[in-house]
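The structure under discussion appears below in the form of structure tokens.
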Amino acid sequence: MKLRSCGMPAVAMLFAATVAHAEPPKAAVFDFQLANLGAQGPTDADVARLGPLSDLLRAQLKDTGRYEIVSTAPVKADAAKADLRACGGCANDFARKLGADVAITGEIQKVSNLILNINVYVKDLKAGTPERAYSVDIRGDNDTSFEHGVKYLVKNNLPPPGGERDATQSTHK
């Protein structure tokens, strides 16, 4: 009788351990793009910042265990030519081509040299659920502000692995 009463908790613990060690979904994290720059247009510094910020986002997401990051190099040229936010789902198509479960795009909105937004969009391709948007406002058009913004966004706005956090609200810092 003791063996039977211990059997169910043991099975439950084994199941929980299996679920906890499930592989994270594969994510294609595309390079940030610039959006809504208005009349001012992008500066050389704006354009130069996109690659390092994209790499930082990939590293932060990987380090959290949320995703296994897949290389976007095979579609980099095509993705760079497209406006990933307005191409009718081409980022999703690129991600599928790469074998990813999730497509992640991002954009930088520059309201002024003082007011900027970092926006990240996450589309679960396997679940087919609506895309989720995450945003953080930053102050200061410099590398330090952007780096802090990306780290803050990953740590405080994006849901934990397997988590569901309401993504309809923007967080201002």
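The values are calculated or read from the model by the stated rules, or taken from the named source; none is laboratory data. Since we're looking at a predicted model, the values are computed, not measured. Neighbour counts run over all protein chains shown; Cβ positions are idealised from the backbone, glycine included.
May I ask you to say which residue of I118, I108 is within 12 Å of the chain's Cα centre (by Cα), among the hydrophobic types (A, V, I, L, M, F, W, C), outside any helix (DSSP H, G or I) and buried (at least 19 other Cβ atoms within 10 Å of the Cβ)?
Of the residues listed, the single one that is within 12 Å of the chain's Cα centre (by Cα), among the hydrophobic types (A, V, I, L, M, F, W, C), outside any helix (DSSP H, G or I) and buried (at least 19 other Cβ atoms within 10 Å of the Cβ) is I118.
Okay, residues lined up against (1) under 24 Å from P130 (Cα atoms); (2) modelled with pLDDT under 95; (3) assigned to a helix (DSSP H, G or I):
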| residue | (1), (2), (3) |
| --- | --- |
| A27 | yes, no, no |
| A39 | no, yes, yes |
| V47 | no, yes, yes |
| S54 | yes, no, yes |
| L57 | yes, no, yes |
| Q60 | yes, no, yes |
| R85 | yes, yes, no |
| I104 | yes, no, no |
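Could you tell me whether A73 is surrounded by fewer than 19 Cβ atoms within 10 Å (Cβ to Cβ) and either modelled with pLDDT under 95 or touching a His at 6+ places or on another chain (Cβ under 9 Å) (or both)?
No, not satisfied.
Does A103 satisfy the condition of being under 20 Å from P159 (Cβ atoms), aliphatic (A, V, I, L, M), surrounded by 16 or more Cβ atoms within 10 Å (Cβ to Cβ) and in contact (Cβ under 8 Å) with a residue 40 or more places away in the chain?
yes
Considering only region 84-105, state which residues are among the acidic types (D, E) and more than 15 Å from the chain's Cα centre (by Cα).
D93
Tell me, which residue of region 51-70 that is farther than 14 Å from K26 by Cβ and either touching a Cys at 6+ places or on another chain (Cβ under 6 Å) or free of Cβ contacts under 8 Å to residues at least 40 places away in the same chain (or both) is surrounded by the fewest Cβ atoms within 10 Å (Cβ to Cβ)?
Top of the filtered list is D63.
Looking at region 130-157 only, could you name the residues that are assigned to a strand (DSSP E or B) and of a type in the set (A, V, I, L, M)?
A133, V136, I138, listed by residue number.
Kindly indicate whether any position in region 76-83 is surrounded by fewer than 19 Cβ atoms within 10 Å (Cβ to Cβ), more than 14 Å from the chain's Cα centre (by Cα), basic (K, R) and under 25 Å from T43 (Cα atoms).
Yes, the conditions are met somewhere in region 76-83.
Give me a count of the residues in region 130-156 that are modelled with pLDDT under 90 and either surrounded by 15 or more Cβ atoms within 10 Å (Cβ to Cβ) or more than 26 Å from D44 (Cβ to Cβ) (or both).
1
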